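Trainee: Shown below is the structure under consideration.
The values are calculated or read from the model by the stated rules, or taken from the named source; none is laboratory data. Being a predicted model, the structure only gives us computed values, none of them experimental. Glycine also receives a Cβ, built like all others from the backbone with ideal geometry; neighbour counts cover every protein chain displayed.
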Amino acid sequence: MTRQRAAIVDILDSSAEHLDARRLLAEARRRVPDIDKTTVYRTIRRLQDLGLIDELDLLHYKHEGHFYEPLPDKMHLHIVCTGCGKVVEMRPEAWARVEREVETGSGFSIETARVEMGGLCADCRKHPAGES
Ligand SMILES: [Zn+2]
Ligand SMILES: [Zn+2]
């Protein structure tokens with residue numbers, strides 16, 4: 001693995017948040033000062049092709065923004081707050097049942113899943129925008 005590729009995988013592994021390409025680039029430059037934008041973007045694409053990272057649009061709450069995370073070993077769903085953009089991850093117990101039902105109904109063997117839900121988080125529900 002090249003130094004650049006290792007750096008990007010490590011950034012994604014250690015990040016608690018879902019980073020977009022711009023923030024990934026900023027973080028990569030802190031670690032590898034001579035890294036250039038094209039290399040970072042090409043590396044992201046390559047890691048996707050290799051199935052090592054996943055690209056998310058998180059309901060497009062930031063319009064065209066795409067976010068990256070290491071491919072999860074276990075299915076998790078993303079809940080995006082449409083008010084403040086906060087992203088929460090959950091691994092619902094019921095998911096295994098949903099997968100079995102989908103497999104039975106479709107005849108597929110499910111290997112990957114991506115579920116995104118949106119709504120207002122508890123904070124935004126307490127303090128609706130425009131209310132003082
Ligand atoms: Zn919120
Ligand atoms: Zn995630």
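Trainee: For the range 47-76, what are the residues that are loosely packed, with under 13 Cβ neighbours inside 10 Å and charged (D, E, K, R)?
Mentor: Asp49, Glu64, Asp73, Lys74
Trainee: Only one of these is crowded, with 16+ Cβ neighbours inside 10 Å, away from ligand 1 (no atom under 16 Å from the Cβ) and either assigned by TED's automatic domain parsing to the domain that holds Arg3 or among the hydrophobic types (A, V, I, L, M, F, W, C) (or both): Ile79, Ile44. Name it.
Mentor: Ile44
Trainee: Is there any pair linking a residue in the range 80-92 that is under 15 Å from Asp20 (Cα atoms) and assigned to a loop (DSSP other than H, G, I, E, B) to one that is away from ligand 2 (no atom under 14 Å from the Cβ) and not aromatic (Phe, Trp, Tyr), with Cβ under 6 Å and at least six apart or on different chains, and which?
Mentor: Final answer for the pair search is Lys86/Cys121.
Trainee: Return the only residue of Ala96, Ala16 being loosely packed, with under 13 Cβ neighbours inside 10 Å, more than 16 Å from ligand 1 (Cβ to nearest atom), at pLDDT below 90 and under 12 Å from the mean Cα position of the chain (by Cα).
Mentor: Ala16
Trainee: Cβ-Cβ distance below 6 Å, separation of 6 or more or different chains: which pairs start in the range 47-67 with a residue that is closer than 17 Å to Glu89 by Cβ and end on one that is surrounded by fewer than 16 Cβ atoms within 10 Å (Cβ to Cβ) and among the small types (Gly, Ala, Ser)?
Mentor: So the pair list comes out as Leu59/Gly118; Tyr61/Gly85.
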